[in-house]
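Encoded as structure tokens, the structure appears first; notes follow it.
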Amino acid sequence: TGLKEKGLGVMPADIGQGWGGGALSTEKVAAALEGAWILGFLRDEAPNLRYGATLLPKNPGTGQPGNFIYTVAWGINANSKNKDAAFEVMEALTSPAAQQWILERGLAIPSRKALADNPYFEKDTPEAQANKIVFLGASAGYVKPFKFREYGDKWMSPINVALSEVMSGQKTVDEALELAQEQLDELLK
């Protein structure tokens, strides 16, 4: 929220966009915090945009890198009547060929460590180089996975609303965080 106060940050909606990738594609912002899914979007919607990727800075107090890794998981219901067929689907979706396809499309971080030395990362394209940074960051401990557990996406709403209200000037930081904390406490009961 300090970025907004200093005129250094906006919410995508402030410039008529629905997400950070859309904002970056307009060239009205200099940076966006997104995942690998932004790469295909930028390739298709802003083909002349020159961009790159980097790791987030380390915390000056702790020296620890910070980030989240948004994971997509494949799972099989323990009570499924079709476990064998589901397992075959999992094998296909996580196969080297399928994961290579995901890597090259910029859809997500591939789930195979074996792709870390993939020739794709040596290509001189914005997508390949950005994906290399994302993949290396995930492999080098720069990211911290999070889990929704039984809360699903309900845990995100209070903090997302708080951020939006602060950025739009509807609430102070303290007011928004107090309300978000109350809502999270209620959720976690």
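Taken together, the values in this text are just the output of simple stated rules run on the coordinates, not laboratory data. Everything numeric in this text was worked out from a predicted model, so none of it was measured. Virtual Cβ from ideal backbone geometry, glycine too; neighbours counted across all protein chains shown.
Couplings 3J(HN,Hα) of the range 174-184, computed from phi: 4, 4, 5, 5, 4, 5, 4, 4, 4, 5, 5 Hz, in residue order, whole Hz [Karplus 6.51 cos²θ - 1.76 cosθ + 1.60, θ = phi - 60°; x for Gly and Pro]. When peptides 31-43, 94-106 are sorted by average Cβ neighbour count within 10 Å, with the highest value leading, the order is 31-43, 94-106. Note on the range 88-142: dipole from Cβ charges, positive end direction compared against 138, 106, 128; the farthest Cα belongs to 138.
Positive end of the dipole of the chain (Cβ unit charges, origin at the Cα centre): among 61, 158, 33, the Cα lying farthest that way belongs to 61. Indicate the gyration tensor shape class of the chain (rounded, prolate or oblate), computed on the Cα atoms with a ≥ b ≥ c the square roots of the eigenvalues: a/c under 1.5 is rounded; otherwise a/b larger than b/c is prolate and the rest oblate. It is oblate, given that a/c is not under 1.5 and a/b is not larger than b/c. In order along the range 103-112, the phi-based Karplus estimate (6.51 cos²θ - 1.76 cosθ + 1.60, θ = phi - 60°) of 3J(HN,Hα) comes to 4, 6, 8, x, 7, 6, 6, x, 9, 10 Hz; Gly and Pro are listed as x. The lysines within cross-link reach of residue 28, meaning a Cα-to-Cα straight distance under 30 Å and a gap of 8 or more places when in the same chain, are 4, 6, 58, 123, 132, 144, 171.
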